[in-house]
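Notes for the one structure printed next.
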Amino acid sequence: MKNISDMERDLAARQKEYRAAKDRAEKQKTNYEQRQSAYLDEQAGILAETLQEGAPCPVCGSVHHPSPARKSKNAPTKEELELLKAQSEQADAAMRTASEECGKRKTRLDENRAAVLRQAEELLKTGEYEEITPALSARQNELSERGKQLAKEVKDIEAKTARRSKIKDELLPGAERAKEAAEETKNRLEKDLAGIRENRKNAEARITELRKKLTCASKAEAEKNIQALTKKAEKLEAEIEDSEKAVRSAKTEIAKLEAGRETLKGQLSGKPEPDPEVLRAEQKRLTEENEAAGKERETIAARRTVNEGVLDNIRKKAGEQAALEAELKWVRALSDTANGNVPGKAKIMLETYVQTAYFDRIIARANVRLMTMTDGQYELIRRTEAADRVHQSGLDLDVIDHANGSTRPVNSLSGGESFKASLSLALGLSDEIQSSAGGIRLDTMFVDEGFGSLDEESLENAMKALQDLAEGNRLVGIISHVGALRQRIDSKIVVRKDRTGGSQITIET
């Protein structure tokens, strides 16, 4: 209970720090947003500072700048805006950290209070935190009386303790030996663990070295190279086998020739001396045959050496293929993540994920128009949960019906409601482009059809939104067959079809 009191004081202090951090974060954010708005308002002046006479304007392309925009003296710089943004983010992070600390302490305080209450229910039979202190006092008095009774039992326990000590002294030597054996086992396991870590480190270094030696860009290319090298190795092995057969055949032929020479020597023994010229010619022929056989043997040996090198290279490439297959696994995993093909998860491509940030800003601006046109009934939201795990998702729309508090798909809207939603999105896109495209303005917009599906009240709201949009120098054109619009539009281009097959255009103001 004393710890709980300390926790309550600590929580109060943390909550005070959180409120202070929240005030600082809100002030920093308000200051940043005001300066950012001023910075965006001064974009034309900032851009004009970079213009040089004779150099084309990056917006309109003109090389003459007779009346460039002027930046006000109080216009913030980009560096100041980035500094204010960083300060706002730091203040916001500090506020979140303070909030998390308050939450952790509140959770720990609630857990301790719950633990005390559980113990109080078990020991003191009370379920209210405020009743614990008086119940403890009563329980303490009860235990004091019980302590007197236990004093008598202490003597008996001391006797039992003495007997237990004797037993402990007899068992202690065995326990010490068991402890020493456990220490030896621990040391041996730690030594084995160190060896395993060293082996793992060597293996990781080997993996890194093998990855650096990869020469193929993909698994398919590596398999193609391995197949080609395998065929070449098979061909070389066949040539080696043929060469070995030729060597064995040559050795057999040499042995036969030597045996024939010995036979001839025996036959010549005791016979008249042969003609030296004939013997020299025969000797020359046999020498040439022997030299030819030696050259062929050397050629075969060289080819075998080359073939063995090729075979070693094939085995090396096979090892590199295994490393490439291992790399292919994590490359494929990265590709599946970027392309939204991770099994069991929503299929959102990296490109779609980036687009959602811009889409959310367009929806926020579109809702300003849609709430006006629907009298606050409908609000667009981007669907965050995928409809299934098969198709790509991330840019689907739902609509909130504030009339009954339900959320449903946007395709459930009626024709007139769908027109309002489409018009709101178009206007939201226009606002977002003007806000983020460096001063580019969309001065002209045409809306084609859709007004015929609107009732009188909806038509009035849509026209109000378009009139607000047309304020200033912006031109909004409406293409429609609805006759009721003629009473609301001042300047009209009317197209009438002739009976002869042509058409006529008239301008009404």
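Hey, among E80, E122, which residue is more than 30 Å from S5 (Cα to Cα), part of a helix (DSSP H, G or I) and modelled with pLDDT under 85? Among E80, E122, only E80 is more than 30 Å from S5 (Cα to Cα), part of a helix (DSSP H, G or I) and modelled with pLDDT under 85. Residues in the range 365-387 that are of a type in the set (A, V, I, L, M, F, W, C) and open to solvent by 60 Å² or more (accessible area, probe 1.4 Å): V368, M371, A387. For the range 348-360, check the following and say yes or no: at least one residue is part of a loop (DSSP other than H, G, I, E, B) and either open to solvent by less than 60 Å² (accessible area, probe 1.4 Å) or in contact (Cβ under 8 Å) with a residue 24 or more places away in the chain (or both). Checked the range 348-360: at least one residue is part of a loop (DSSP other than H, G, I, E, B) and either open to solvent by less than 60 Å² (accessible area, probe 1.4 Å) or in contact (Cβ under 8 Å) with a residue 24 or more places away in the chain (or both).
Residue under question is R499, and the condition is that it be of a type in the set (K, R), open to solvent by 40 Å² or more (accessible area, probe 1.4 Å), at pLDDT 80 or above and more than 43 Å from the chain's Cα centre (by Cα); does it hold?
So R499 passes the test.
Applying the condition of being over 19 Å from L11 (Cβ atoms) and aliphatic (A, V, I, L, M) to the range 101-146 and asking which residue is nearest to the chain's Cα centre (by Cα) yields A120.
Screening the range 225-258 for residues that are under 60 Å from the mean Cα position of the chain (by Cα) and of a type in the set (K, R) and picking the one that is nearest to E296 (Cα to Cα) gives K235. Run down D455, D468 and say which single residue is at pLDDT below 80, exposed (fewer than 11 other Cβ atoms within 10 Å of the Cβ), under 29 Å from G376 (Cα atoms) and not small (G, A, S). Exactly one of D455, D468 is at pLDDT below 80, exposed (fewer than 11 other Cβ atoms within 10 Å of the Cβ), under 29 Å from G376 (Cα atoms) and not small (G, A, S), namely D455. Pairs linking a residue in the range 482-500 that is under 20 Å from A462 (Cβ atoms) and among the basic types (K, R) to a residue that is open to solvent by 100 Å² or more (accessible area, probe 1.4 Å) and assigned to a helix (DSSP H, G or I), with Cβ atoms under 9 Å and 6 or more positions apart or on different chains, are R488/Q467; K492/R486.
Could you tell me how many of the residues in the range 319-344 are part of a helix (DSSP H, G or I) and either at pLDDT below 70 or among the charged types (D, E, K, R) (or both)? So that I can check it myself, show each step before the final result.
Of the residues in the range 319-344, the ones part of a helix (DSSP H, G or I) are 319-338.
Those left that are additionally either at pLDDT below 70 or among the charged types (D, E, K, R) (or both): 320, 325, 327, 329, 332, 336.
The number of residues fulfilling the criteria is 6.
The residues in the range 419-442 that are open to solvent by less than 40 Å² (accessible area, probe 1.4 Å) and not in a helix (DSSP H, G or I) can be counted, and the count is 1. Report whether or not A138 is modelled with pLDDT of 75 or more and of a type outside the set (K, R). Taking the combined requirement at face value, the residue satisfies it. Pairs meeting the criteria (first residue in the range 400-418 and open to solvent by 50 Å² or more (accessible area, probe 1.4 Å), second residue of a type in the set (D, E, K, R) and not in a helix (DSSP H, G or I), beta carbons under 9 Å, at least 6 apart or on different chains) are H402/E379; T407/D398; T407/D401; R408/D398; R408/D401; P409/R383; P409/D396; P409/D398. Taken across the range 63-75, residues that are over 30 Å from the mean Cα position of the chain (by Cα), farther than 30 Å from M1 by Cβ and at pLDDT 65 or above do occur, with at least one present.
The values are calculated or read from the model by the stated rules, or taken from the named source; none is laboratory data. Please read these numbers as outputs of a predicted model, since none were measured by experiment. We place every Cβ from the backbone using ideal geometry, glycine too, and count neighbours over all the protein chains shown. Ligands, DNA and RNA are stripped out before the accessible areas are found, and what is left, the full protein with its side chains, is counted by its heavy atoms. Shrake-Rupley method; radii C 1.70, N 1.55, O 1.52, S 1.80 Å.
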